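A.B. asks: To start, I am sharing the structure in question, which I have written as structure tokens.
Every read-out reported here was derived from the displayed coordinates using simple, explicitly stated rules and does not represent laboratory data. Predicted model, so just to flag it, every value in this text is computed and none were measured. Here the Cβ positions follow ideal geometry from the backbone for every residue, glycine too, while neighbour counts run over all protein chains shown.
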Amino acid sequence: MERITINVHRREEKGKGAARSLRRNKMIPAILYRGGDSLPIKFPKKEITQFINTTAGNQIMVSLKFADGENKLALMKEFQVDPVNRELLHADFFEVSLTEKVKVSVHVGTIGEPIGVKRDGGLLQHVIREIEIECLPDKLPEHVKVDISKLEIGQSFHVSGIDLGEDVKILTDPDEVIVNIVAPTVEVVAPVEVVAPAEPAAPEVVKKGKKEEEAEEGKK
């Protein structure tokens, strides 16, 4: 497994005000967890940002290099960014040992275009994008790729189809669906009722009374 070294410092500053001050000085506050303990730390903004951007969600083991010469192995747990300007705000790591197994979530990506999509016009649906695994840190895959090119409409790829070898145990339910191919949605258009134009009404015929007819005869 690839390993990256990042410079890190122990952090005495605490609280929101201290965190804002650190960020103004190009430092990012963070926490390093180990069992039930936690150690406040801080990173140079440039280094931690570059790490996050280059790893792109992959699980990469980090060697945290402290100023006093101590090194700790760790994995990134999560990080927070500002929702408006997308600036990095905080990061969490957990310390690992090469002799102790860890439980982590890894991203599941896909390879290939399914037959059901390419040939038959079906739709690809992603159901889950991560699986939980357990292994020693140096056996941890950076990511998982599954080949879905042979899937046809109505077929799915399940967790049970993933093989990571004997050194990695998959904890996610094997029946969980990674992706499935569904038939394209056909929009049903309701028929338009054509209404025939109404025939013009016949002129009303007013029947004259007998006296009226006699009066007109007398005028002739």
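A.B. asks: Beyond 31 Å between alpha-carbons counts as too far, so tell me which of LYS14/LYS65; LYS72/LYS145; LYS26/LYS77; LYS65/LYS103; LYS14/LYS139 fall in that bin.
C.D. replies: LYS14/LYS139
A.B. asks: Explain nothing, just compute: Karplus ³J(HN,Hα) = 6.51 cos²θ - 1.76 cosθ + 1.60, θ = phi - 60°, for every residue of the range 38-52 in order, whole Hz, x for Gly and Pro.
C.D. replies: Each residue of the range 38-52 in turn: 9, 10, x, 9, 8, 10, x, 4, 4, 5, 5, 5, 5, 4, 5 Hz.
A.B. asks: At a 10 angstrom cut-off on C-beta neighbours, averaged per residue, how do the peptides 73-85, 38-50 rank from highest to lowest?
C.D. replies: Put in order of decreasing packing, that is 38-50, 73-85.
A.B. asks: Can you order the peptides 100-106, 123-129, 139-145 by their average number of other Cβ atoms within 10 Å per residue, highest first? Let's see the in-between values first.
C.D. replies: On the way: 100-106: 14.9, 123-129: 12.7, 139-145: 17.3.
Packing proxy ranking, top to bottom: 139-145, 100-106, 123-129.
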